[in-house]
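These notes are about the structure you will find just below.
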Amino acid sequence: MKTKKAMLRITAIVILIFFCLSGGMVVADNDRDNIVVIVDNQNVSFEEPPVNNQGTIMVPMRAIFEALHASVTWSDEDHKVTAEKEGVVVQLIPGSPFALINERAIVLSSSSYVSNGSTMVPIRFISESLGASVSWSSADQSVTIKTMTSNVNTGHHAMGTLPQNNTPASATFVPDGLTIQFVPSQNAETLEAKAKSLEKLLGDRLGIPVKMTVSNSYPNVIQAMATKKVDISFLPPSQYVYAHDNLKVADVLMQALRYGVDPFTGKPTQKLVDFYQSMIVVKADSPIWNIEDLRGKTIGWQGVTSAAGYVYPGLVLRNSGINPVKDVEGKMFQGHDRAIVGLLKGQVDAAAVFQDVRSLMLRDFPDLMKDTRILAFSDKIPNDTIAVRSDMDSEWRKKIQDAFVSLGNDPVGKKTIQDVFAHQGYTLSEDNKFEIVREALSSISED
């Protein structure tokens, strides 16, 4: 009898628990995110409903791209989703924390993922990447998007000639010979000998004598341009900006090309680009998940003049309201690989390095990609420039551009510029690509 009563009690408890849980589940179902998405005053319908993933609104990819009038393609080869609108190309891989906007790597606030056959993507990132404005109303759980075609800006002109306003009206110098100067990154005597062959290659293309000379510093190169002793120079971005803005003695014609880096794998791509990026890396198990979390932490820097190891990652911090001098503790390393080793040893909480230095360290640290995590990428950092004196005639600017492009397309010429400058070729450029440099230099001056 007692056993029977005990069984009845157990049964009653189980039933009670069941109804409690069922009620809880019904409430949870009723409280699902009922998020409304409005694009240009039109409600967007989705097969898979939008989800609020810890503050990031995720929506089905194809529907939002189509609502924003972007074309979408899928690659079976590398599992990449590519959306394009008016020259802006956005690429994602479902499950990856990264995305690309016109080859620039971005760390997403929430990784894309597949739900019931739909690839879910962060709506703010997608919309703003394609030039739209986004606002969120927590009161009525709605996302309002306004597309603005004028906001879509690739920052690139057609690769034919530079814009007319890039050549000042006072540019009337017509050379009967050209002097080119550069600062060697290797043994000066060795490079000067190699540069002799470059003189002939350029002279043959331009039809006038070309003389290559070596300097021991960029200030000396700029001074030589100011006194008209040098006609063309190879200048790093910050030195170009100083020569152009402060002294008015140089205009950019071209930029060096190097192979890009695939953020999804960390390996070099086969695509030549005119920029590179820096990145801030943490340990894979680090509690640091965003830039704001770096406040009060220790960061491994390179020297204060290092573009990828200090200047541009420092700008990333500043743009998030963190002073890279006052709000974090800096530890200097001589070498980007050493900063990563310092991170692994616990000497720092994060390391600022060029993208992706880790791929060069895999022989000694085979699990490095798993043991570390990319927290953020910098903006595009322009590659080195080919700059001409500011009074160079516009027709000769075009001839010089054509000559350097021809070098990169010729096997002998390409081998020569690889030996002398470690460049893979050249592409036309313009001054507005260096706004990020001006912003970075201004940021440094505030410290």
### Viscosity 1.567 mPa s, 4 °C: Kirkwood-radius Stokes-Einstein D of segment 307-354 over Cα pairs, µm²/s
117
### Query
Of the GluC sites (Glu not before Pro) in segment 73-151, which ones lie in a loop per DSSP and count no more than 14 other C-beta atoms within 10 Å?
77, 86
### Summary
Per the 1/(1 + (r/R0)^6) rule, R0 = 30 Å and r from the Cβ atoms of residue 34 and residue 69, FRET efficiency to 0.05 is 0.70
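Please tell me which of these pairs span more than 24 angstrom C-alpha to C-alpha: 80/380; 297/370; 80/271; 271/414; 146/271; 211/271?
Beyond 24 Å between Cα atoms: 146/271; 211/271.
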### Task
Taking every Cα atom in segment 105-145, find the radius of gyration and the maximum pairwise distance Dmax, and write them in Å.
11.8, 33
### Task
Starting from the amide H of residue 89, placed 1.01 Å from N in the peptide plane, find each other amide H under 5 Å away whose residue is 5 or more places distant or on another chain.
102
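Roughly speaking, to the nearest percent, how much of the chain's 1.4 Å accessible area is carbon and sulfur?
Working: 11680 of 22670 Å².
C and S fraction of accessible area: 52 percent.
Counting helices only, and only those DSSP H runs with n ≥ 4, report the 222 nm mean residue ellipticity of the chain as the sum of -39,500 (n - 2.57) divided by its residues, in deg cm²/dmol to the nearest 500. Write out the running numbers ahead of the final one.
Numbers: 12 runs with 136 residues, N = 447.
Computed ellipticity for the chain at 222 nm equals -9500 deg cm²/dmol.
Give me the Kirkwood hydrodynamic radius of segment 365-442, using the inverse of the mean 1/r over all pairs of distinct Cα atoms, in Å to one decimal.
Details: mean 1/r = 0.0633 Å⁻¹.
Evaluated on segment 365-442, it is 15.8 Å.
Counting DSSP beta bridges in the chain, what percent are antiparallel, to the nearest 5?
Numbers: 59 of 77 bridges.
Approximately 75 percent, going by the DSSP bridge assignments.
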#### Entry: Over 23 Å (Cα to Cα) - which of 398/433; 196/229; 194/228 fall in this group
194/228
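Write down the Å³ per residue value for the convex hull defined by the alpha carbon atoms of segment 321-412.
Values: hull volume 18.9 nm³, N = 92.
Dividing the Cα hull volume of segment 321-412 by its residue count gives 206 Å³.
Rounded, prolate or oblate: which fits segment 65-126 when a ≥ b ≥ c are the square roots of the eigenvalues of the alpha-carbon gyration tensor, with rounded for a/c under 1.5 and prolate only if a/b beats b/c? Provide the component values of the computation, followed by the final result.
Details: a/c = 1.27, a/b = 1.17, b/c = 1.09.
The shape class here is rounded.
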### Task
Consider just the alpha-carbon atoms of segment 235-306 and return their Rg together with their Dmax, both in angstrom.
17.4, 50
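I need the peptides 245-251, 324-330, 388-394 ranked by packing, meaning the mean over residues of other C-beta atoms within 10 angstrom, with the highest value on top.
Values: 245-251: 17.3, 324-330: 15.0, 388-394: 20.1.
Top of the packing list down: 388-394, 245-251, 324-330.
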### Task
Take the Cα coordinates of segment 196-342, assign each an equal point scatterer, and use the Debye formula without solvent to give log10 I(q)/I(0) at q = 0.10 Å⁻¹.
-0.54
### Query
In percent, what relative contact order does the chain have, based on Cα pairs under 8 Å that are 6 or more apart in sequence?
16
#### Entry: Rg in Å to one decimal, and Dmax rounded to a whole Å, for the chain via C-alpha atoms
27.6, 117
### Query
On average, how much accessible surface per residue is there in the chain, in Å², for a 1.4 Å probe, leaving out ligands, DNA and RNA?
51
## Note on the structure
Once residue 398 and residue 331 are pulled to full extension, the length gained, defined as 0.36 nm per residue separation minus their Cα-Cα distance, is 19.5 nm
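With all protein chains present and a 1.4 Å probe, how do 93, 232 order by accessible area, largest first? Intermediate results must be reported in sequence, preceding the final value.
On the way: 93 35, 232 0 Å².
Ranked list, largest accessible area first: 93, 232.
Multiply the residue gap between residue 362 and residue 140 by 0.36 nm, knock off their C-alpha separation, and tell me the result in nm, one decimal place. Mind showing how you got there, number by number?
Numbers: separation 222, 0.36 × 222 = 79.92 nm, distance 4.97 nm.
Value of the extension gain: 74.9 nm.
The values are calculated or read from the model by the stated rules, or taken from the named source; none is laboratory data. This structure is a prediction, so every number in the text was calculated from the model and none was measured. Ideal geometry is used to build each Cβ from the backbone, glycine not excepted, and the neighbour counts take in all protein chains shown. Heads up: the accessible areas ignore ligands, DNA and RNA and are worked out on the full protein's heavy atoms, side chains in. Shrake-Rupley method; radii C 1.70, N 1.55, O 1.52, S 1.80 Å.
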